[in-house]
Structure formats: C-alpha cells, structure tokens
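Notes follow the structure.
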Amino acid sequence: MTDLATQVIEPNRRLDAIDRKILTVLQEDASLSVAEIGDRVGLSSTPCWKRIQRLEADGVILRRVALVDQNKIGLGITVFVSVESADHSEAWLRTFANAVSAMPEVMEFYRMAGDVDYMLRVVVADMQSYDVFYKKLIGAVPLKNVTSRFAMEKIKSVTAYPVPAAA
C-alpha cells in the first residue's frame, strides 16, 4: 500500500519562494490561466507553466479539481466514524482498507494513534443512507467497535494547505 504522504521530492529539488507562491495561488483557484498565475507570482507564462508541470511531475500537485457544495447536491449529513479493531494484522488492514476505499460515501480515511484505530469522514443524503452505509461497513470485516458522530454544523472547512515559507 503506497502512502502519498511518505513520498518526498527528490533531495536536490527544494521548493523555492516562487513555487510556494504558485502552490498558494493554485490552491485558491486552479481555474486561473497560466498567464494569470504568472502575473500573481511575478513570472511570464512559459516559466510559470514549466514550474507547474514540474510540481505535478514531482507529485507536489496531485490533481486539480472542482470543489462542490455537498448540501447543494443532496449530501446533507456528515458523519465522523471511529472504528476500533481487535485484529491489527497487515492482512486485516489490507482487507479493511480495500473495502473502505471502495465505499464512495467515505471522503477521508485515517489510521489513528490513541484509543481509536481508524477515523472516517462520511457524507450521505440522510439517516437511511447512513444506515445502509453502516451495514456495509460492519459487514466488510470483523470490527470491535464503531462509533458514529453526526456533525450539526460545519464551522470551518478549507482545502488549501498553508504553504510554509522556505526554511
């Protein structure tokens, strides 16, 4: 199982201040033209485009997507699901990870430290849809405990990482 978080840019390739500006601009609005991005970061189009291509090739930019309002497409319920397992074997994790990764309701999936083994962020249309999801989840592999916490209100949600300044 490859973890994108463990992949590192080649040792001789560091992000400079311009790369960091490009990343900040793209995270804010990836639909901007290369010329507009270049204007914002102080580059002409060609060098800006080459940097964006290099950031993509290096795996810093994973993909460019449109962000959608989940409520406006009928997915009004967000559930944080904590899972505890009695089995911590590699084979169990592989089976569990494959099953959960195939569930389109799961937006995020983390292996945790502490009293909970895994945390899922799940979005569904309604309680009946969550019940269907829950039954799929508990039927996938043996689980010790599943706890569901329903979000009442989204206070903050961002997708842009704060790009740290170069060290």
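No value in this document is a laboratory result; all are computed from the given coordinates. Since this is a predicted model, take the numbers as computed values, not measurements. FYI the Cβ positions are ideal-geometry reconstructions off the backbone, even for glycines, and counts take in every protein chain you see.
Worth pointing out:
- Measuring against 27 Å, Cα to Cα, the residue pairs Lys136/Lys156; Lys72/Lys136; Lys72/Lys144 contain Lys136/Lys156; Lys72/Lys144 as the ones spanning a longer distance.
- Eigenvalues of the alpha-carbon gyration tensor of the range 23-114, scaled by 5 and square-rooted, set the equivalent ellipsoid semi-axes at 37, 19, 11 angstrom, largest first.
- Simple spin-label estimate for Arg14 and Ala97 in nanometres, 7 Å along Cα-Cβ: 3.2
- Rg over Rh, two decimals, the range 69-119 (C-alpha only, Kirkwood Rh): 1.05
- Among (1) 54; (2) 60; (3) 68, the entry derived from the coordinates for percent of Cα pairs over 21 Å apart: (2)
- For the chain, modelled as a GNM whose springs connect Cα atoms under 10 angstrom apart, the maximal fluctuation among Arg20, Arg121, Arg63 occurs at Arg63.
- Taking Ser157, Ser33, Ser82 in turn, the Gaussian network model of the chain (Cα-Cα springs below 10 Å) assigns the largest fluctuation to Ser157.
- Under 14 Å from the Cα of Lys21 - aspartates and glutamates, other chains or at least 8 residues apart: Asp29, Glu36, Asp39
- Sequence-distant contacts, meaning Cα pairs under 8 Å at least 6 residues apart, place the relative contact order of the chain at 28 percent.
- Kirkwood analysis of the Cα pair distances in the range 14-67 returns a hydrodynamic radius of 11.0 Å.
- For the chain, calculated [θ]222 nm from helices alone, where every DSSP H run of n ≥ 4 adds -39500 (n - 2.57): -11000 deg cm²/dmol
- Spin-label model, Met127 to Ile155: label points 7 Å out along the Cα-to-beta-carbon direction sit 2.5 nm apart.
- Mean Cα-pair separation over length for the range 14-67, i.e. relative contact order, pairs under 8 Å, 6 or more apart, %: 31
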